[in-house]
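Have a look at the structure below, then the notes.
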Amino acid sequence: MPIDIAKQSLLGLPRSFKRGLVMLCDILLCGFSIWLAFGLRLDQWGNFQDKQWIAFVAAFGFSLPFFVVFGLYRAIFRYIGSAAFISLARAFFIYFILFFSVFTLFGVDGVPRSIGVIQPILFFILTGVSRYLARHWLGGINKIQKSFHLVRPIVLIFGAGSAGRQLATGLSSNKEMLVKGFIDDDQCLWGNTINGVSVYSNNRLKELIHKLGVTDVLLAIPSASQERRSEIISSLNGCGVRVRTLPGLIDLASGRVKISDLHDLDMNDLLGRAVVPPEVGLLEKNIRNKVVLVTGAGGSIGSELCRQIIKFSPKSLVLIDSSEHALYLIYEELKRTLVGLEDAKSAESGDDKSDLSLSSPVNLVPCLASVRDADLLLKIFRAHRPNTVFHAAAYKHVPLVEQNPAEGIRNNVFGTFTCALVSLECGVSNFVLVSTDKAVRPTNVMGASKRIAELVLQAMAENAANEDCSTNFSMVRFGNVLGSSGSVAPLFSAQISAGGPITLTHSEVTRYFMTIPEAAQLVIQSSAMAVGGDVFVLDMGEPVRIYDLAVKMIYLSGLLVKDEAHPYGDIEIKVTGLRPGEKLYEELLIGENPQPTTHPKIMKAHEEFLSWDDLQQELEKLNTALDACDANLIRDMLKKLVPGYKPNTDSVDLNEGTLSNEQTI
């Protein structure tokens, strides 16, 4: 556009030239204000007479030097702010005193004394308006050059309590967000203002979003129940606002709040249900002052188990993983956690940090190893003598295992078998297998392999009881974990950030969901209730339709679903079709008689299993089939070992004449 080109050309001129242009503008405004002052006073708009020219000379002589001294020509007009206008006012105050003294107090023949008042006022108004217009006009080009995300979001804060007030104070200090109002449930606060910001009724939430052009709603209600949070979040569906929650109060109090400190809603908000607080006694029972070993320590569940375990002061925590990178990340994170725990203890006790021992209160041992390497595992177990083992190492991605079944079976079945045998030989007190709902009437190799892993532990538990062995074997079965690697939540979040579309395998797919910390805590608590051969099933609440979860995540990102009814929406949801081995619905039990436990979220299942002698024979046949790459025999073995196994599609290599260990997608 020509106007934008003119702006760009003007901004591209040398700085000295632009300063000269501003000075010329002030000279013209000064002359115009003198002419206007005489015209208004004398009602004569002609030539000046006699000594009236003295007013012109005085105006130029008094104004320009003070403008230079006060730095009025150093300001960049498109960024000019309140500080520049204050400098302008100061310069004009001195100019007014001088001009008023000469022409009003002392007087000049032929010049009306009122000119000493009228001209400075007119000149100040003309100069201020000119700078404001320049800022407004030239600032437009700056806005064009900025990207959309740099525009200040307009926000409503839900919660006018202490947390909401601190949040508003922090945001006002850094100017990153424009707070337009508070929303609160307390009727006593409605109609009041807090630091000039109005408090509105919660019934007006949607109305205010449209009226004020709100882009973000910030939840500052730390004491609200999960049910109330869910109600608020549901009411915002389709409003086109991004919903976020407040940061820690330490950041609020220190005034360091930035947009980046505000968090997107956590997974509990997505699930819309309350989390039962863990029982500390159960968490501590098999951990405190004991040697704990976690396999798959670098994975989603394994790493969260480690984070929870380290809070309860084990004597040692042994980390086993076959991925160097994953093991390094969790090891470094746990070291930082230990330092933080030590600092917290020091602060509470009032001890000088310099007096603390350099040795860690928990001995962290990272071990790069595969759970299928019996000799290496035996060395690790004999060296550290673990009391409790959490076996989380597994291949769990359904499509990958479906297309690489040999490796999936070797890792999930024989890795568990090897780890359990080593634990039995080394006298481990408690061995806990992290299992999955996909082990129930599986339709894929991954689920079948996990069910066989369960059979291994059930048979070993019975055999250990008969031989009076000390190892207590148990398994915990739960559904999908939101936020874990391969979970739909991180995938959907990335697809939304990329502008869509969200890919969904089927519009009616439902899954049980749980957050990573909740799942890890329940696994640890289950281990404390085990008596041998237990199959624990976690209460995952009601199953969630994945399509509804996708829609909710789109809405909570401040966007709208794009479909036939809303062709101008933001994010489209594409259905791609069920993947090999994927179920529409998941189950958590094989039998129909779950038994309650002392924990409201943990149940016991009673599952059929093979005797230890019979299972060993079948595992030998399965291992022989894997070594021979006999696809038909492997498929038959899976069906024999897991009667409920009914593949809903032909696996990539199980229908071929051979089965390769090197197959990839």
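The values are calculated or read from the model by the stated rules, or taken from the named source; none is laboratory data. The shown structure was predicted, so the numbers you read here are calculated from the model rather than taken from an experiment. Neighbour counts run over all protein chains shown; Cβ positions are idealised from the backbone, glycine included. The protein model used for the area step is the full one, side chains on, heavy atoms only, and it has no ligands, DNA or RNA in it. Shrake-Rupley method; radii C 1.70, N 1.55, O 1.52, S 1.80 Å.
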Roll a 1.4 Å probe over the protein heavy atoms and report the accessible area of TRP35 in Å², nearest 10.
90 Å²
Based on the alpha-carbon gyration tensor of segment 429-538 and its eigenvalue square roots a ≥ b ≥ c, which shape applies: rounded if a/c is under 1.5, prolate if not and a/b is larger than b/c, or oblate?
prolate
Within 10 Å, count the other beta carbons around each residue, average over each peptide in 113-120, 375-382, and list them highest first.
113-120, 375-382
Quick one: order GLU284, GLU454, GLU572, GLU620 from most to least accessible surface, probe 1.4 Å.
GLU620, GLU572, GLU284, GLU454
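Sort ILE573, ILE634, ILE121 by accessible area with a 1.4 Å probe, largest first. Walk me through the numbers on the way to the answer.
Working: ILE573 30, ILE634 0, ILE121 85 Å².
Result, largest first: ILE121, ILE573, ILE634.
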For VAL241, distant residues with modelled amide H under 5 Å away:
GLY558
Beyond 26 Å (Cα-Cα) in this structure, taken from LYS285/LYS604; LYS311/LYS438; LYS335/LYS601, we find LYS311/LYS438; LYS335/LYS601
For segment 163-214, what class follows from the C-alpha gyration tensor (a ≥ b ≥ c being the square roots of its eigenvalues): rounded when a/c is under 1.5, otherwise prolate if a/b is larger than b/c, else oblate?
oblate
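Within the set of other residues whose C-beta is less than 15 Å from the C-beta of GLY240, count the net charge using Lys and Arg as +1 and Asp and Glu as -1.
Cβ neighbours under 15 Å give a net charge of +3.
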